[in-house]
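Quick notes on the structure that follows.
The values are calculated or read from the model by the stated rules, or taken from the named source; none is laboratory data. If you're wondering where the values come from, they're calculated on a predicted model, not measured in any experiment. Cβ placement follows ideal geometry from the backbone for every residue including glycine, while neighbour counts extend to all protein chains displayed. Each accessible area value is taken on the protein alone, full model and side chains, heavy atoms only, with ligands, DNA and RNA left out. Shrake-Rupley method; radii C 1.70, N 1.55, O 1.52, S 1.80 Å.
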Amino acid sequence: MVRRQTFPLIAIITILASSSLSACSALRGGEPEPTIGVPQAVKQVDSLLDDTFKAVRPKLKWREGPAHMSEVKNSITNTSTGEVRVGRHRYVRTKVSESKMTKLLTVVSEHWKKEGFEIRSSNSRVPSLSGKASDGRVIGLSVGGAGDVDISAGISALSDGPSGDIEGEEGDKFPKAPSEGPDYTPDVRDPYWST
């Protein structure tokens, strides 16, 4: 008699536990499941960054970091979920003066809002912005202590690949000599942004 009651109880607990675990991975913190591969994700990330830089006038000079992917793992089993987070940073090479930083942050924030991003954080002590779209895309702008500006974007993609830089998407190379062009000059003095 005790065995008959124990078995259904164990079966019900097992079913509920597995259902709960499945529900946790299905909820994903409110983010939609990715439907694109890594190459498409890189194109979307680059498009987000291109659009952001096009919104700023006068134009900013920038350098591009490598596209990177971070493997997403199940928090309980520590196994791959078959998803990665694809992202890239662009580093502003135009010197932005302190007096123009607020204008830059305002222009970028308004552009992101227009594009459907919800601005998640803004910090006036160390200027930074981050935004998230309903499709899971994220974008951010941060200012370093020396006034260096970094704009990044990211999106989820389907892949079983490990974390690391994406082959063929290494970003810009530092020049060996200054004669390789003004776009690579570390401290470009733009008359608008540096006054």
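Results for (1) within 16 Å of GLN44 (Cα to Cα); (2) at pLDDT 85 or above, shown as yes or no for each residue.
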position	(1), (2)
SER99	no, yes
SER109	no, yes
ASN123	no, no
LYS132	yes, yes
GLY136	yes, yes
ASP190	no, no
Q: Quick one: in segment 56-68, of everything that is of a type outside the set (Val, Ile, Thr) and open to solvent by less than 20 Å² (accessible area, probe 1.4 Å), which residue is farthest from GLU169 (Cα to Cα)?
A: LEU60
Q | Criterion violated by GLU71 - all others in (1) over 14 Å from GLY161 (Cβ atoms); (2) surrounded by fewer than 20 Cβ atoms within 10 Å (Cβ to Cβ) satisfied | A | (1)
**Q.** Number of the condition not met by PHE53 [criteria: (1) in a helix (DSSP H, G or I); (2) open to solvent by 50 Å² or more (accessible area, probe 1.4 Å); (3) out of contact with any Pro (no Cβ under 9 Å at 6 or more places or on another chain)]
**A.** (2)
Q | Looking only at segment 81-130, and only at residues there that are of a type in the set (D, E, K, R), in contact with a strand residue (DSSP E or B) (Cβ under 8 Å, 6 or more places away or on another chain) and in a loop (DSSP other than H, G, I, E, B), the one that is least open to solvent (accessible area, probe 1.4 Å) | A | ARG93
Q. Is there a residue in segment 83-100 that is touching a Ser or Thr at 6+ places or on another chain (Cβ under 9 Å) and on the phi > 0 side of the Ramachandran plot?
A. no
Q | segment 31-43, residues that are within 20 Å of GLU115 (Cβ to Cβ) and open to solvent by less than 70 Å² (accessible area, probe 1.4 Å) | A | GLU31, PRO32, PRO34, ILE36, ALA41, VAL42
Q: Scan segment 30-55 and report the pairs whose first residue is aromatic (Phe, Trp, Tyr) and whose second residue is not in a helix (DSSP H, G or I), with Cβ atoms within less than 7 Å and a gap of 6+ or a chain change.
A: PHE53/LEU60; PHE53/TRP62
Q | Members of segment 139-174 found to be free of Cβ contacts under 8 Å to residues at least 24 places away in the same chain and either in contact with a Cys (Cβ under 9 Å, 6 or more places away or on another chain) or open to solvent by 20 Å² or more (accessible area, probe 1.4 Å) (or both), listed by number | A | SER142, GLY144, GLY145, ALA146, GLU167, GLY168, LYS173, PHE174
